Structure formats: structure tokens, C-alpha cells
Amino acid sequence: MHAINMKPLKINAEWDNEASVWVASCDDMQDLIIEAGKMDDLLEQLKAELPKLMASNQQVQAYDELSFMLVKSWPVTDYHKFP
């Protein structure tokens, strides 16, 4: 039996300047890798994919609801290049 974890999943969104996309990943969900050119598109893809991954990933069943915290990061020298 898993303990209920009330904390949201921490999802990292990093800007890939070479590919011009945001890349989302999560330490708690090794199979979560999502790319999108715009942050709004990344969020929509996350909302669609997270429930599927949570259902298929026993490690994440400890999370009792779909809530996540998105942490954006990018190189300081490239701040003017992302959308």
C-alpha cells in the first residue's frame, strides 16, 4: 500500500535553444519527456499525458490527484530567445 502524497509533482521545463523547444521532465516519472515550442502547448500536453502516465506508473500512484508544479529554467544568456 502506498502512502498518499499531497505534494504536487515537480516538473522541470528547460528551454532547448538548439531545438527551440521547451522540454518537460520529472524526476519522479522517468518516462515523462514532453517537448513543445510554446509554454502553453507544453502545459496542454502535460495535462493530457500526466493522467496516462500516473495510471501506468506504480511509483507515482502515491499521488492522489493530478497536481503539478512547473519549474521553468533557461540559460541567462538566452533569455531573449525563448517564446
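The gain in end-to-end length when the LYS52 to LYS72 segment is fully stretched comes to 4.9 nm, 0.36 nm per residue minus the alpha carbon separation.
Each residue, MET39 and SER20, gets one label point 7 Å from its Cα in the Cβ direction; the gap between the two is 1.9 nm.
Bear in mind that the values in this text are calculations on the coordinates, not laboratory data. These numbers come from a predicted model, not from an experiment. We place every Cβ from the backbone using ideal geometry, glycine too, and count neighbours over all the protein chains shown.
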